[in-house]
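A short worksheet on the structure shown next.
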Amino acid sequence: MLVMCLAIPSKIIKIEDNVATIDVEGVQRKVSLLLLEDAMVGEYVIVHAGFAIQRIDEAAAMETLNLLREAAELVEKGDSNIA
């Protein structure tokens with residue numbers, strides 16, 4: 001069985017004591033910033049296991065989010081060409 005982790009870019013909307021509130025398409029959650037130095041509100045990050053692990057620039061974040069939206073739409077339509 002193939003297992004993979006899908007990293008979804010998340011925007012930091014609030015920081016308090018090394019804990020960020022992130023937002024993805026209106027869904028918010030809290031993540032640790034202990035592994036990322038000098039994170040700032042407004043930045044996009046990749047989160048794994050509750051930790052922000054990497055910054056990602058806004059253009060790359062938007063491109064990734066758009067691709068994920070398109071893939072979700074194809075799945076909802078039942079496109080049989082998705083591998």
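The values are calculated or read from the model by the stated rules, or taken from the named source; none is laboratory data. Keep in mind that this is a model prediction, so the values were computed, not measured. Backbone-built Cβ (ideal geometry, glycine too); neighbour counts: all protein chains shown. Protein only, heavy atoms only, side chains kept; ligands, DNA and RNA dropped before computing areas. Shrake-Rupley method; radii C 1.70, N 1.55, O 1.52, S 1.80 Å.
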- Note on the structure: Checked against (1) in contact (Cβ under 8 Å) with a residue 40 or more places away in the chain; (2) among the charged types (D, E, K, R); (3) out of contact with any Phe, Trp or Tyr (no Cβ under 6 Å at 6 or more places or on another chain), ASP38 satisfies every condition except (1)
- Note on the structure: Going through segment 47-71 in order, the residues found to be more than 15 Å from the chain's Cα centre (by Cα) and among the aliphatic types (A, V, I, L, M) are ALA71
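Just need a number here: residues in segment 13-59 that are in a strand (DSSP E or B) and in contact with a strand residue (DSSP E or B) (Cβ under 7 Å, 6 or more places away or on another chain). I'd like the intermediate steps shown before the answer.
Narrowing segment 13-59 to residues in a strand (DSSP E or B): 13-16, 19-24, 27-32, 44-48, 51-56.
Keeping just the survivors that are in contact with a strand residue (DSSP E or B) (Cβ under 7 Å, 6 or more places away or on another chain) gives 13-14, 19-24, 28-32, 44-47, 51-56.
Here the count works out to 23.
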- (1) within 16 Å of PRO9 (Cβ to Cβ); (2) of a type outside the set (Lys, Arg); (3) surrounded by 12 or more Cβ atoms within 10 Å (Cβ to Cβ); (4) over 15 Å from the mean Cα position of the chain (by Cα): which one isn't true of TYR44, the others all being true? (4)
- Item | Subset of segment 15-31 [under 15 Å from ARG55 (Cβ atoms) and open to solvent by less than 60 Å² (accessible area, probe 1.4 Å)] | ALA20, ILE22, VAL31
